[in-house]
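**Q** Structure in C-alpha cells, see below.
The values are calculated or read from the model by the stated rules, or taken from the named source; none is laboratory data. Quick caveat: nothing in here was measured; it's all calculated off a predicted structure. Cβ: placed from backbone, ideal geometry, glycine included. Neighbour counts: every protein chain shown.
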Number of protein chains: 2
Amino acid sequence: MSKSPDSANIIDLSRFRVTCSNCNLSELCLPRGINKKNLGKLASAVRQTSVYEPGEFLFRAGDEFKSLTAIRTGTTKLFIVDENGEEQILGFYFPGEILGLDAIETDRHTCNAVALETSSYCSFPYGHLDELCKSIPELRIQMFKFMSRELSLENKLLLTLNKRNAEEKLATFLITLSERFKRLGYSATDYKLAMSRQDIGNYLGLTIETVSRVLSRFNKDGLIISERKLIRIIDYDRLKSLCNSQCETAKKNHPSN
Amino acid sequence: MSKSPDSANIIDLSRFRVTCSNCNLSELCLPRGINKKNLGKLASAVRQTSVYEPGEFLFRAGDEFKSLTAIRTGTTKLFIVDENGEEQILGFYFPGEILGLDAIETDRHTCNAVALETSSYCSFPYGHLDELCKSIPELRIQMFKFMSRELSLENKLLLTLNKRNAEEKLATFLITLSERFKRLGYSATDYKLAMSRQDIGNYLGLTIETVSRVLSRFNKDGLIISERKLIRIIDYDRLKSLCNSQCETAKKNHPSN
DNA sequence: ACGTTACCTTGATTTAAATCAAAAAAACCG
DNA sequence: CGGTTTTTTTGATTTAAATCAAGGTAACGT
C-alpha cells in the first residue's frame, strides 16, 4: 500500500505563518466562541505542521500515541489490519477532521493512517491539549463533541455496511462525499476521488469488480458520469433516493410495537 | 420490540446507599487513582439510580440528552432506526459500560436504548460531569478514554462485519461475550444470552435462519452446547481459532508493500 | 391447563455478490 | 517514447447466505 517508506517527511511550514487564527479551517476544527486569548493558547499547542506525500504513513498501529492530528489539506485513509494481515479501511478523512482519537485509551495507535494525496497536517500534543482542557471550557466541550460525532458517524456507517446492498452502499458513498465536499466549500457535484476502486471496495465490503460494475450501471442510468477518478453527479436526487432501500422487507425485521 | 411503554419507571434506590464508593463496578467505571475527596464529588454527580424492565426504553433517538448512563446490572441493547424504520443494533452493553456518549455532539440522543433484562442504571448529568472535568484531571482523562475505547471497539466491529463470513461472525460474537463476562467476574464458558436470535442476526448482519444454522453446526461439531438462550463453550480454543479467516485470500486484498 | 403467540430450527430454492478469467485503459519509468 | 506494471472494466460461473416454507418448542395470558 505504501509507495515509499514513511520516513518522517516533516517540512516546517512555520514560515508560512500557519496559526489557528488565520487557518481557514477554524470553523471546522476550532471550538466555536473561543476568545482571542484562548485562541492564542490553542495555537501555541500546535507543535508543527507537516506534509506527507501519497502513500506515506502518518502513524501505524502500535506506534506510541503522542499527538492528535488535524488535517489541513488532502485526503487521508485510516485502516486497521487483522492477525492475517487483512486490511479494513475505516474511513477517508478530509481537511478539518481529527485523527488519532481512538488511540487515547491505550496510548498506542490502533489504526494506520496513510496520505492518499500530498497532504498537510497540524499536530497537537495530547498532554498539552488535555492541560488546556482544564482552563478552556470551550475546548473541552469541543473535544468531547469531536469524539461524540465520530461515534455517531461510525454508527451510521455500521448501518450502511450491514443493511444495504451494493448499489445502496455506492450511492451512499457518493452522496456522503458530495456532502462533505460541499461543507468544505467545494463542488457538491464534481469531485475527484482520491482513493482507488480497491479502497472503495474494501471500505464498503465489496469487491473491486462489484464497485466497477455498479458505477458503470450508475453511468448508464444517467445518475453520474464517472471517468476513472472523476465523478460528476448528474441526478443528485435520484442518487440520493437510492441510498435507502425502500423495500418492504424493511418492515419484517422489527415486528414493530 | 418494546413490550411495554417506556413510562419513566424510575425507582429510587438511594435507600440502598448506592454510591460510587461502594459500587462493585468502580474498577470498570471510575477513573483509576481518583482520591477520596474527588470520589465523593463524583458520587454527588450521580443524580439517581433507576430500574427498567425488559423492553423498556432508557431513551430514544431524538430525545434531549441530559445525562450519561452507567449500567449497574443487566444487558442493554443499543440501536438506530433508519428512514424506512429498519433497525440496526449497534451493540449489547453490560455493567460498568457507559451509554449516551454519541449524543454529546448534538444534545440529542442519536440511538435508542432498551433494557433486555431487568436492569439498573446510574445517571450522570452531563453538565455536572463536564464541570467536574475541570477540577478532576483523572475524570477528564477517564472520560476521553471511555470515548476512545468505544471508537476502537467499533473499529474492530466494522472489520468483523465487513470481512467475516457467518461462521466467523458468530464465533467472534460468542468469544467476545465470553471475554466480557469473564472481565465482569462471571463464567467465561457458561452464560445466558439476553438477546434473541433475531437480535444477534440483526447485529451481525445475518438472518435469523443463518444464526440458527451456524449455532446448530457449532453444536454438532462439539464447539459449544447451546440450548435456546444458554451457551456453554466446550472447545474455547477451536472456537477462538474460527474467529479469523485463515484463508489465503486474505493476502489478495493488499498486495503488501 | 389450554389455546394463542412468539421464537427457534431445519430443509428446499433462489439470488446477489464473489470468484474466476481476460481484455482494455492508464500510469509509470528508464 | 515504448515497454512494463497497475488499475479498471466487462463477462461467465460459482457460492454463501437470503428467501421461502413449514414444523417444533418454549413462553404467555386468561
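**Q** Could you check, for the stretch A:217-227, whether at least one of its residues is surrounded by fewer than 18 Cβ atoms within 10 Å (Cβ to Cβ), of a type in the set (V, I, T) and near DNA strand C (Cβ under 10 Å from one of its atoms)?
**A** Within the stretch A:217-227, not a single residue is surrounded by fewer than 18 Cβ atoms within 10 Å (Cβ to Cβ), of a type in the set (V, I, T) and near DNA strand C (Cβ under 10 Å from one of its atoms).
**Q** List every residue pair whose Cβ atoms sit under 9 Å apart, with the two residues 6 or more apart in sequence or on different chains, where the first one lies in the stretch B:213-224 and is in contact (Cβ under 8 Å) with a residue 40 or more places away in the chain and over 11 Å from B:D235 (Cα atoms) and the second, anywhere, is near DNA strand C (Cβ under 8 Å from one of its atoms) and among the small types (G, A, S).
**A** B:L215/B:S226
**Q** Can you tell me which residues in the stretch B:158-204 are assigned to a loop (DSSP other than H, G, I, E, B) and within 19 Å of B:S216 (Cα to Cα)?
**A** B:R164, B:N165, B:T189, B:L193, B:A194, B:M195, B:S196
**Q** Sticking with this one: Residue under question is A:K156, and the condition is that it be without any contact (Cβ under 8 Å) to a residue 40 or more places away in the chain, under 18 Å from the mean Cα position of the chain (by Cα), under 27 Å from B:G201 (Cβ atoms) and within 14 Å of chain B (Cβ to nearest Cβ); does it hold?
**A** Yes: the conditions hold for A:K156.
**Q** B:K169 versus (1) more than 16 Å from DNA strand D (Cβ to nearest atom); (2) modelled with pLDDT of 95 or more: which is the lone unmet condition?
**A** (1)
**Q** Report the residue count in the stretch B:99-118 for those that are on the phi < 0 side of the Ramachandran plot and in a loop (DSSP other than H, G, I, E, B).
**A** Summing the residues that are on the phi < 0 side of the Ramachandran plot and in a loop (DSSP other than H, G, I, E, B) in the stretch B:99-118 gives 9.
**Q** Please specify each residue of the stretch A:81-95 satisfying the condition of being within 12 Å of the chain's Cα centre (by Cα) and within 11 Å of chain B (Cβ to nearest Cβ).
**A** A:I89, A:L90, A:G91
**Q** I want to confirm something. Restricting to the stretch B:205-231 and keeping residues that are in contact with a helix residue (DSSP H, G or I) (Cβ under 7 Å, 6 or more places away or on another chain) and in a loop (DSSP other than H, G, I, E, B), which single residue is farthest from DNA strand D (Cβ to nearest atom)?
**A** The extreme case among them is B:L223.
**Q** Return only the number of the condition from (1) surrounded by fewer than 21 Cβ atoms within 10 Å (Cβ to Cβ); (2) within 16 Å of DNA strand D (Cβ to nearest atom); (3) of a type outside the set (S, T, N, Q); (4) more than 9 Å from chain B (Cβ to nearest Cβ) that A:K163 does not satisfy.
**A** Checking A:K163 against (1) surrounded by fewer than 21 Cβ atoms within 10 Å (Cβ to Cβ); (2) within 16 Å of DNA strand D (Cβ to nearest atom); (3) of a type outside the set (S, T, N, Q); (4) more than 9 Å from chain B (Cβ to nearest Cβ), the one that fails is (4).
**Q** Taking the condition out of contact with any helix residue (DSSP H, G or I) (no Cβ under 8 Å at 6 or more places or on another chain) and among the acidic types (D, E), does A:E53 pass?
**A** yes
**Q** When you check B:L129 against the structure, is it closer than 19 Å to A:N162 by Cβ and at the interface with chain A (Cβ under 10 Å from one of its Cβ atoms), yes or no?
**A** no
**Q** When you scan the stretch B:96-122, how many residues do you find that are more than 16 Å from the chain's Cα centre (by Cα), more than 9 Å from every other protein chain (Cβ to nearest Cβ) and crowded, with 17+ Cβ neighbours inside 10 Å?
**A** Within the stretch B:96-122, residues that are more than 16 Å from the chain's Cα centre (by Cα), more than 9 Å from every other protein chain (Cβ to nearest Cβ) and crowded, with 17+ Cβ neighbours inside 10 Å number 1.
**Q** The conditions are (1) more than 16 Å from DNA strand D (Cβ to nearest atom); (2) farther than 22 Å from A:C111 by Cα, and B:L157 fails exactly one of them. Which is it?
**A** Failed condition: (2).
**Q** Just checking, which of A:G96, A:G127 is small (G, A, S) and part of a loop (DSSP other than H, G, I, E, B)?
**A** That would be A:G96, the only listed residue that is small (G, A, S) and part of a loop (DSSP other than H, G, I, E, B).
**Q** Follow-up. Name every residue in the stretch B:174-198 that is surrounded by 17 or more Cβ atoms within 10 Å (Cβ to Cβ), within 14 Å of chain A (Cβ to nearest Cβ) and within 16 Å of DNA strand C (Cβ to nearest atom), in order of residue number.
**A** B:M195, B:R197, B:Q198, listed by residue number.
**Q** Take the residues in the stretch B:70-101 that are at pLDDT below 95 and in contact with a Cys (Cβ under 7 Å, 6 or more places away or on another chain), then tell me which one is nearest to B:S178 (Cα to Cα).
**A** Result: B:G96.
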